[in-house]
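Worksheet for the structure shown next.
Please treat every number below as a calculation from the coordinates, not as lab data. All figures in this text were calculated on a predicted structure; none of them were measured in a lab. Note that we place each Cβ from the backbone using ideal geometry, even for glycine, and neighbour counts take in every protein chain shown.
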Amino acid sequence: MLKYPLFQSFYGGVHLESHKNTSNHKQIARDFLPSRLIIPMNQQFGSDAIPSVKVGQLIQKGEVIGKPAEKNTTAVHASCSGRVGAIEKHPVPTAGKVSTSTCVIIETNDENNIAAQKPPLFKNHLDKLTAINHAGIVGLGGAAFPTAEKLNRKSSHCEMLILNGAECEPYISCDDLLMQEHATEVLRGALAMMEIVGAELTVVVIEKDKPKAIEAISNAIETIGSKCIRLTDIPTMYPTGGERQLVEALTGKEVPSGKYPIDVGCICQNVGTAYALDCFFQLGEPLINRIVTVTGQGVKNPQNVAVPIGAPIVELIKFCGGYDGEVSQLILGGNMMGYTVDTDQLPVTKSTNCIITTKKATTPKPFEIWPCIRCGECIPVCPVRLLPQQILKAYENKNFEELGKLGLSECIECGCCDVVCPSHIPLVENFRKAKHLRMQEIKSSELSNAAQKRYELKTQRLSSQHANTEKLHADLKESIKESSKNDMIKAAVERSKKRRDKK
Amino acid sequence: MATATVIFAGIAIVLAILLIVSSHYLSTTENEVIDKIESLLPRIQCAQCGYPGCRPYAAAIVTDKADINLCPPGGNETVRRLAKFLGSDFSPVTKYSTTANLNEIAFISEELCIGCNLCLRACPVDAIVGTHQSMHTVISDHCTGCRLCIPPCPVDCISLVSRNA
């Protein structure tokens with residue numbers, strides 16, 4: 001059955017101190033109902049959804065409020081019942097930064113009756129994929145890539161579906177809790193995915209530091225009795241949860257730059273996505289909830305909460321007992337790959353998996369930054385096999401050509417190099433800036449090249465016009481000379497001369 | 001003594017021939033040097049250096065030994081690149097007033113335009129379209145923000161706006 005030798009690790013990576021026990025000892029709280037929702041239209045990778053409701057309209061939980069703009073993007077649904085308060089621009093956390101996007105704002109009421117829904121019926125395969133898009137299901141690991149798109153990538157045969165429950169970020173425990181409480185649903189979702197992609201095997205990957213989840217999943221595998229699901233526990237190593245790292249750890253094959261895991265015969269899906277898919281297939285419920293880990297020392301009751309998409313972070317924190325003392329930092333995502341935001345007025349989106357609050361009193365003073373001593377510690381830990389110290393040097397010298405050669409764009413910003421750097425250089429921060437600068441440089445050089453080309457064309461056109469005019473004049477003179485030989489014209493010229501002389 | 005002289009003279013002659021041949025076959029032509037210099041310039045075609053375009057300036061650097069610090073849009077960064085390539089000394093850019101740059105583009109106010117055609121002729125990259133007696137407009141993707149269209153306009157209807165706005 002199993003064709004692959006299961007490797008146990010990937011290149012690079014670091015061991016990190018776990019902070020999961022801050023939030024993983026409580027059950028998922030399921031009674032959180034925010035007073036208002038800010039539902040962004042740009043929650044998925046690709047173009048934004050188009051709002052399909054009017055201000056003042058009463059809507060039910062699960063109703064479509066944003067239609068997909070293109071064929072292969074996903075819809076957005078109302079996560080609670082209520083009335084549309086406004087449709088306006090609002091700051092929204094997206095891919096590493098806060099930007100503004102059109103949002104539908106819903107004043108919720110406590111009726112909360114779900115719009116009548118039945119398990120969906122499908123005529124064919126394509127129908128199923130369209131339905132998944134219309135249910136708004138995207139990858140819940142963090143990138144929010146439309147699930148149907150990922151399942152439909154058919155560049156080569158998919159042999160193995162990898163169900164990603166690794167969750168290597170030290171603070172996040174939402175997938176852990178989900179697997180503990182909903183193991184059967186997760187596996188059922190995985191089986192449905194397997195059917196869609198035509199894989200023969202599903203491997204559920206869980207890091208060894210989640211014994212309860214491992215137990216729950218192995219029990220569920222026995223209950224389901226399917227022979228094509230296999231559970232693998234892998235050593236706790238950051239960043240195993242990365243798609244490419246996971247494929248490498250399981251198959252020993254490196255996913256080439258610019259290619260996807262499907263090109264080596266694998267598809268990775270997050271356990272949360274499998275659960276969302278099962279909810280849709282079994283109950284007809286679109287993606288309107290996600291589990292968010294609220295953790296850190298700055299919040300009174302750290303726990304995992306099933307949050308309606310669009311709930312303001314400030315209300316979520318209040319639900320978890322509010323801030324504990326003065327909070328110095330609010331991080332969205334994990335402490336390694338996440339980013340700091342300066343306001344709690346942002347909504348939870350489909351890609352928000354964790355909110356970390358750090359307490360001012362207990363935050364250690366940041367280390368002093370020293371120059372690079374070229375020790376090379378960062379090189380063996382880079383999971384993408386880059387040379388961080390060389391990249392840093394090229395960035396300092398603003399050598400964009402060199403940055404391209406060193407593979408800057410391949411950096412996954414995992415932060416392993418930051419952890420081991422003895423000089424405490426914030427390498428990833430520099431690499432993010434370098435990526436931005438390089439993109440600008442590429443853009444402006446494209447503009448310059450186009451301008452040069454157009455200038456050349458204009459110069460050519462003008463000179464050829466000039467040459468044409470010259471030639472025309474010369475030809476005319478020539479023809480006048482020719483025609484002046486004609487007798488009649490000669491006589492006329494003579495007459496004209498005489499008249500001039502008389503004057 | 002005589003043998004040694006002959007041997008060394010022989011080596012010298014062989015090396016001289018090698019040098020002459022290689023300089024003939026491996027030489028960089030003037031055009032290649034001009035190409036390279038042009039690629040180091042921002043190529044906005046603003047003519048703020050005093051030459052009609054970036055290529056004429058690049059040619060002037062090579063043939064007339066023009067100063068390398070005349071390009072205001074390129075700034076000191078460009079001078080540094082040129083100095084490195086040409087092996088000359090760095091000196092900061094002298095002109096700094098109203099520098100043309102790629103972050104801005106020209107915008108024609110449609111109510112004011114009288115269709116005089118003068119801006120169209122001034123544009124070095126053919127980024128303006130329009131015809132006599134008709135409203136003109138700027139193709140924003142092609143505009144380099146060189147500002148050459150602004151002085152000829154008799155009704156002052158051209159302004160610069162941010163490229164991303």
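Annotation: amide H-H contacts under 5 Å for A:Gly85 (H modelled 1.01 Å from N, sequence separation of 5 or more, or interchain): A:Gly56, A:Ile105, A:Ile106, A:Glu107.
Along chain B, counting only GluC sites (Glu not before Pro) with a DSSP assignment other than H, G, I, E or B and at most 10 other Cβ atoms inside a 10 Å radius, the longest segment between sites is B:1-109.
In the range A:299-367, what chymotrypsin sites (Phe, Trp or Tyr not before Pro) fall in a loop by DSSP, with at most 12 other Cβ atoms inside 10 Å? Let's see the in-between values first.
Numbers: sites: A:Phe319, A:Tyr323, A:Tyr339, A:Phe367; in loops: A:Phe367.
Of the chymotrypsin sites (Phe, Trp or Tyr not before Pro), the ones in loops of the range A:299-367 whose Cβ has at most 12 other Cβ atoms within 10 Å are A:Phe367.
Computing FRET efficiency as 1/(1 + (r/R0)^6) for A:Ser47 and B:Ile139, where r is the C-beta to C-beta distance and R0 is 35 Å, gives about 0.90. Simple rule: put +1 on each Lys or Arg Cβ and -1 on each Asp or Glu Cβ in the range B:102-165, find the dipole, and look at B:His142, B:Val125, B:Ile158; the Cα lying farthest toward the positive end is B:Val125. Given a Förster distance of 56 Å, report the FRET efficiency between A:Leu476 and A:Glu446 from their Cβ-Cβ distance, rounded to the nearest 0.05. Plugging the Cβ-Cβ distance into 1/(1 + (r/R0)^6) gives 0.80.
Which pairs break 31 Å Cα to Cα here: A:Lys405/B:Lys65; A:Lys128/A:Lys350; A:Lys210/A:Lys405; A:Lys67/A:Lys212; A:Lys123/A:Lys350? Display every interim value, and only then the final one.
Values: A:Lys405/B:Lys65 34 Å; A:Lys128/A:Lys350 21 Å; A:Lys210/A:Lys405 40 Å; A:Lys67/A:Lys212 39 Å; A:Lys123/A:Lys350 28 Å.
Too far apart for the 31 Å limit: A:Lys405/B:Lys65; A:Lys210/A:Lys405; A:Lys67/A:Lys212.
Taking each residue as 0.36 nm, the span from B:Ser39 to B:Ser162 lengthens on full extension beyond its C-alpha to C-alpha distance by 41.8 nm. In loop segments of the range B:25-66 as defined by DSSP, the trypsin sites (Lys or Arg not before Pro) with at most 13 further C-beta atoms inside 10 Å of their C-beta are B:Lys65. Counting Lys and Arg as +1 and Asp and Glu as -1 over every other residue whose Cβ lies under 11 Å from the Cβ of A:Glu315, the net charge comes to +1. Distance between the pseudo-spin-label points of A:Lys490 and A:Asn109 (7 Å out from Cα toward the beta carbon): 10.8 nm. Applying 0.36 nm per residue to the separation of A:Lys123 and A:Gln282 and subtracting their alpha-carbon distance, the gain on full extension is 55.6 nm. Net length available on complete extension from A:Asn21 to A:Gln345 is 113.9 nm, with 0.36 nm assigned per residue and the Cα-Cα distance removed. Using the Karplus relation 6.51 cos²θ - 1.76 cosθ + 1.60 with θ = phi - 60°, the per-residue 3J(HN,Hα) values for the range A:404-410 come to x, 5, 7, x, 3, 5, 7 Hz, with x marking Gly and Pro.
Roughly how crowded by other chains is peptide B:25-38, in terms of the mean Cβ count from those chains within 10 Å of each of its Cβ atoms?
Working: counts 0, 0, 0, 0, 0, 0, 0, 0, 0, 0, 0, 0, 0, 2.
The shielding value for this peptide is 0.
Under 20 Å of direct C-alpha separation, and excluding same-chain neighbours fewer than eight residues apart, A:Lys502 reaches these aspartates and glutamates: A:Glu494. Considering only the Cα atoms of the range A:23-76, their convex hull presents on average a projected area of 5.7 nm². Sorting the segments A:395-407, A:294-306, A:58-70 by their residues' average number of neighbouring beta-carbon atoms within 10 angstrom, most packed first, yields A:294-306, A:58-70, A:395-407.
The overall shape of the range A:20-143, judged from the alpha-carbon gyration tensor, is rounded, with an a/c ratio under 1.5. Which of the three applies to the range B:28-86, rounded, prolate or oblate, going by the alpha-carbon gyration tensor with a ≥ b ≥ c and a/c under 1.5 meaning rounded? Here the range B:28-86 falls in the oblate category. Helical content of chain B, expressed as a calculated mean residue ellipticity at 222 nm, amounts to -12000 deg cm²/dmol (DSSP H runs of 4 or more residues, -39,500 (n - 2.57) each, divided by residue number, nearest 500).
At most 15 other Cβ atoms within 10 Å plus a DSSP loop assignment makes a site exposed; report the longest stretch of chain B without any exposed chymotrypsin sites (Phe, Trp or Tyr not before Pro).
Numbers: sites that count: B:Phe90, B:Tyr96.
Counting at most 15 other Cβ atoms within 10 Å as exposed, the longest clean stretch of chain B is B:1-89.
Based on the Cβ-Cβ distance of A:Asn152 and A:Ala69, what FRET efficiency does E = 1/(1 + (r/R0)^6) give at R0 = 22 Å, to the nearest 0.05? Walk me through the intermediate numbers first.
Numbers: r = 18 Å, r/R0 = 0.83.
Here the calculated transfer efficiency is 0.75.
Taking the charge dipole of the protein assembly as shown about its Cα centre, with +1 at Lys and Arg Cβ atoms and -1 at Asp and Glu Cβ atoms, the residue from A:Tyr238, A:Ala190, A:Pro93 reaching farthest to the positive side is A:Pro93.
Applying a 4.7 Å Cβ-Cβ cutoff to chain B leaves B:Cys49, B:Cys54, B:Cys71, B:Cys113, B:Cys116, B:Cys123, B:Cys143, B:Cys153, B:Cys157 as cysteine residues with no disulfide-compatible partner.
Secondary structure note: in the protein assembly as shown, about 70% of the DSSP beta bridges are antiparallel. For chain B, set up a GNM with springs between Cα atoms under 10 Å and report which of B:Val125, B:Val21, B:Val138 has the largest fluctuation. Residue with maximal mean-square fluctuation among B:Val125, B:Val21, B:Val138: B:Val21.
On a 26 Å Cα-Cα criterion, which of the cross-link pairs A:Lys20/A:Lys253; A:Lys26/A:Lys253; A:Lys71/A:Lys259; A:Lys71/A:Lys154; A:Lys393/A:Lys453 come out too long? The answer is A:Lys20/A:Lys253; A:Lys26/A:Lys253; A:Lys393/A:Lys453. Each residue, A:Glu396 and A:Arg374, gets one label point 7 Å from its Cα in the Cβ direction; the gap between the two is 1.1 nm. Using just its DSSP H runs of length 4 or more, each adding -39500 (n - 2.57), chain A gives a mean residue ellipticity at 222 nm of -11000 deg cm²/dmol after division by all residues. Taking label positions 7 Å along the Cα-Cβ direction at both B:His132 and A:Leu437, the computed distance is 5.2 nm, reported to one decimal.
Near A:Arg290, the amide H atoms lying under 5 Å from its own belong to A:Val307, A:Ile309; only residues 5 or more places off or on other chains count, and H is placed 1.01 Å from N.
Taking each residue of B:133-143 in turn, how many C-beta atoms of other protein chains fall within 10 Å of its C-beta, and what is the average?
Details: counts 0, 0, 0, 0, 0, 0, 0, 0, 2, 4, 2.
Average per residue, whole number: 1.
For the range A:426-486, trypsin sites (Lys or Arg not before Pro) meeting the loop criterion (DSSP other than H, G, I, E, B) and having at most 15 other Cβ atoms within 10 Å: A:Lys485. Mind checking which aspartates and glutamates have their Cα closer than 13 Å to the Cα of A:Lys398? Skip sequence neighbours fewer than 8 apart in that chain. Cross-link targets: A:Glu441, B:Glu77.
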